[in-house]
Amino acid sequence: MAYQKVDQRFRVHTQDVDTEELPVPSLDLEWDMEKELEESGFDGFEPDNSSQHRLANSAGNNDLDFEFMQPSVSPRGRFARLEEESDYIVHPRQGSKNQQGSLPIIVKLFIAGFIIFICGFLIGYYGRKSNSKHTLPNNITPMPPTSSVAVSDDGTILQTIVQAIEGYSIRSFFRNLTLFAAESDRGSSAAHVMEQWTASGLTEIRLVNYTVLLSLPDANQNKIILTNSSQCFHPSGQQCSTLPSAPHGKKEKNDLLYFYAAYSAKGSLEAEIIDVQYGTIDDLLQLQSSTDVTKKIALIKLGKAPLLYKLSLLLEAGFGGALVYIDPCDSPPREKLGEKTFWISLNPGGDPSTPGYPSIGGIFREHRTNITSLLVQPIAASLAKELLSSTEKANGECFQLTNSSAVSKTIKLEVATVSEYRTIQNVIGYVKGSINPDKYVIVGSHHGNSEELWTSSTSIITEVIRTVMTQIQKKRWRPNRTILFCSWGGSIFGNIGSYEWAEEMKHVLQSNAVAYVNLFKPVMGNGTLNTVVSPSLRQLATDVMNKRFSLNCTRQENCSGRKVNSVQVEGNSDFFINHLGVPTVQFAYQETKPSMGPGFLSEAVLLNDASMVETYDPNFNLHETIAKLTAEMILHIANEPVLPFSVLDVALEVQEKLKDDNIASEQMLALANALRETAQLFQSDEMRPANDPEERDPAHLRMLNDVLQNLEKNFLIQHAPPGYYRNILYHLNESSSQFSVMKEAVNHCNLQKTNQTLTKIISMVQSSIRSAQVYLKTGLDVFENIQNTKITN
């Protein structure tokens, strides 16, 4: 048979520095190896031995070294031409007549031929055996161009990794991290996370430092003083006289100090308190018709809308301060959030002193000690009841707090915080991809101190690292794309760690970040599995859940107790969703269904006890489930030749949001219909490489994945209300499927008595839909031109 060049679609590294690749023009040569082998007496050949470079451990280097962030190339192929060896060429030589006559000539020829045959047979046999073992780093054996590349081993390895995840191993990591967090004097939690990841086999890992502005509680607690009776209360509801103050400047570890709002304005305000309930537009409209609220202090419940948005409405209405509390009727019965110590951060994201750019050395800083001009103070529900003179009770301890007194109350609110520059640390590790090392699947959790509930997510990501690295070490396997494992610092102050790193790497991530997998408080109950996912990844997330739970869910309502939604969530996915337009996914167990409460109660940062986690999940079965779901999502995205994203689901999501929207114009509906038609064409015509390896031309595959990766970027609008996502594919909560920004703009018209905001928002949404349709259409046109060029050639 004639041997042709090998179509090597994956990069092969060799440790032999003297071996050089053949120049590209030589790759087009074709030649008949069989004839040469016959001439030289070989029946087979042995390929060059190649092995993968071992990544150097640079854990001790604190500087970011993203050497792997280089564009990947798919080589056209290479082969090694065999050369004839002189040892096997028979040179006739003359001998004496006695020697020539000692044996017949035919016997000599027979013996020589037999020896050559045996040598050729042995070389051919061992050459083929060696060739069968010559695999690339991802366990794929090079094949001739006429055959597809075998990828079945990757599916086996994926299942092996997922099955190797075990609950008892996660529990071991959890208890180790919890013990370390409790003994805060043992050092940095980031350094300890790094040690755990290194022990789990991750070799490429860094600590990345940023100096950022934090807003911390003052040693002397904030106060609420009733002016008519001179009674003084701390935010916890206890009277000031019962709690001794700490000496000035000494920050004792006292839970009651953590009733505060980070980045609030500082000072004092004496004014009447006004009950605004949840502080929604409807609540404020009822007040403005009969009450002057200028420079008053609002008593506002957490929930129903983002707190930053509601505070912006209070500021717009003229309020000077706000007391924030959780209504006991809104919290799950087992949690009783109303009386728990909590604090809130008013930081929308990142270091406030470097808005929009990273906090690196020598950078200009704005000393913004407060983000809002409002005096904001969280308080316990018992104090809110005292201030409202509420006596209503129902369902045992649950009482819906309302103002039942016609007598107004005036209070003096004293708010103080301490602003300090401190260093936060991120832990960044990676597993380099074998084919597309410049494409990144980012997996993120966070770390903190003993007051934060972070050990649950970090233990899960550590277990995923352990199982992945075990397969890499055993099978010499690597994923198609690079997997970045990240543990963020400063999350509770406004996702500062993830913002600063992403701002520093923004231009790289804009083109190279494929997806973000978020691990944030994965087990906060044992009731409902809540899955928040981008429309692009919704089908994959559903398939992974169906497989894990042996379900057959074609519609959401058929999956009892499990929902897949695109709603706003807390956590470090914020920057990746709203500034990079990267598809994301997050799995988490909760105590109750999110739709049962007013939502956004998670904005309250609680002083959690780690023992709660073991109460919810004593055997860590829920942790194991989250870890397996997360790992399977990571590996599918990182390893499949065609990204498992659905453009059609994005188009259907847009149509669903406009279905019951009365303000959607005919033009907008037509654009949404055009987007769906283009998405259908794209899905049917260009997604064939996902199922047919024969269609996986490297250039075509690369462009196809770029289109899939970047589609959601078209839905980032320039401006959104405070607390709302800029990515309009996500809605505010489960109760509404409309575009959240359009619904808010309609309500805001009633408050502003003008439709200017609505007109602007409609234009931005319409432009996003049009942009996505043109983007997909351009992709189709490019692929069509490529196909026509191939046919012509």
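Over segment 648-792, calculate the relative contact order: mean separation of alpha carbon pairs under 8 Å at least 6 apart, over the residue count, as a percent. If you can, show how the numbers build up before the last one.
On the way: 119 pairs, mean separation 43.3, N = 145.
Over segment 648-792, the number comes to 30 percent.
For the pair residue 241 and residue 175, what calculated FRET efficiency results from E = 1/(1 + (r/R0)^6), where r is the Cβ-Cβ distance and R0 = 41 Å, to the nearest 0.05? Don't skip to the end; give the middle numbers.
Working: r = 41 Å, r/R0 = 1.01.
My answer for the efficiency is 0.50.
Between residue 105 and residue 656, what length in nm is gained on full extension when 0.36 nm per residue of separation is reduced by their alpha carbon distance? Intermediate results must be reported in sequence, preceding the final value.
Values: separation 551, 0.36 × 551 = 198.36 nm, distance 9.04 nm.
Going from the current span to full extension adds 189.3 nm.
Once the Cβ-Cβ distance between residue 292 and residue 418 is put in as r, and R0 is 30 Å, what FRET efficiency do you end up with, to the nearest 0.05? Each step should come with its number before you reach the end.
Details: r = 34 Å, r/R0 = 1.14.
Taking R0 as 30 Å, the efficiency between residue 292 and residue 418 is 0.30.
Starting with the fewest neighbours, write out 314, 601 ranked by other beta-carbon atoms found within 10 Å of each beta-carbon.
Working: 314 24, 601 21.
Ascending Cβ contact count within 10 Å gives the list 601, 314.
From the backbone phi of segment 571-577, what are the Karplus-calculated ³J(HN,Hα) couplings (6.51 cos²θ - 1.76 cosθ + 1.60, θ = phi - 60°) in whole Hz, Gly and Pro given as x?
Listing the rounded values in order: x, 7, 6, 3, 5, 5, 6 Hz.
Sort 617, 351 so the one with the fewest other Cβ atoms within 10 Å of its own Cβ comes first. Mind showing how you got there, number by number?
Values: 617 24, 351 29.
In increasing order of surrounding Cβ atoms, one gets 617, 351.
If amide hydrogens are placed 1.01 Å from N in the peptide plane, which non-local residues have theirs closer than 5 Å to the one on residue 298?
HN-HN under 5 Å from residue 298: 274, 320, 321, 322, 323.
Per residue of segment 463-475, what does 6.51 cos²θ - 1.76 cosθ + 1.60 with θ = phi - 60° give for ³J(HN,Hα)? Whole Hz please, x for Gly and Pro, Karplus curve as stated.
Once θ is set to phi - 60°, the couplings for segment 463-475 become 5, 4, 4, 4, 6, 5, 5, 4, 5, 5, 6, 7, 9 Hz.
What is the fewest-to-most order of 486, 329, 240 by other Cβ atoms lying within 10 Å of their Cβ?
Working: 486 23, 329 18, 240 15.
By the 10 Å Cβ count, ascending, the order reads 240, 329, 486.
Answer rounded, prolate or oblate for segment 648-792, using the Cα gyration tensor with square roots of eigenvalues a ≥ b ≥ c: rounded when a/c is under 1.5, else prolate when a/b is larger than b/c, else oblate. Spell out each step's value before the answer.
Details: a/c = 2.75, a/b = 2.57, b/c = 1.07.
It comes out prolate by the Cα gyration axes.
Pull up all non-local amide H partners of residue 584: gap of 5 or more, or a different chain, and H-to-H distance under 5 Å with H placed in the peptide plane.
516, 534
Which far-off residues, 5 or more places away or on another chain, put their amide H under 5 Å from the one on residue 223, with H placed in the peptide plane?
414
So what are the ³J(HN,Hα) numbers for segment 347-352, from phi and the Karplus equation (6.51, -1.76, 1.60; θ = phi - 60°), rounded to whole Hz, Gly and Pro as x?
So the Karplus estimates, Gly and Pro as x, are 7, x, x, x, 6, x Hz.
I'd like the FRET efficiency for residue 360 and residue 216, computed as 1/(1 + (r/R0)^6) with the beta carbon distance as r and R0 of 25 Å, rounded to 0.05. Kindly include the intermediate steps, with their values, before the conclusion.
Values: r = 23 Å, r/R0 = 0.90.
The value I calculate is 0.65.
With label points built 7 Å along Cα→Cβ from the Cα atoms of residue 316 and residue 115, find their separation and express it in nm.
9.7 nm
Too long at a 20 Å Cα-Cα cut-off: which of 432/713; 223/409; 310/521; 521/563; 301/340; 340/521?
Details: 432/713 25 Å; 223/409 16 Å; 310/521 25 Å; 521/563 17 Å; 301/340 15 Å; 340/521 18 Å.
Over 20 Å Cα-Cα: 432/713; 310/521.
Take every Cα pair under 8 Å in segment 424-550 that's 6+ residues apart, average their separations, divide by the length, and report that relative contact order as a whole percent.
On the way: 168 pairs, mean separation 47.7, N = 127.
Once divided by the residue count of segment 424-550, the mean separation gives 38 percent.
Bear in mind these aren't lab numbers, they're just calculated from the coordinates by the rules spelled out. Everything quoted here is computed from the prediction, not taken from an experiment. For neighbour counting, all protein chains shown are included, and Cβ atoms are generated from backbone atoms with ideal geometry for every residue, glycine included.
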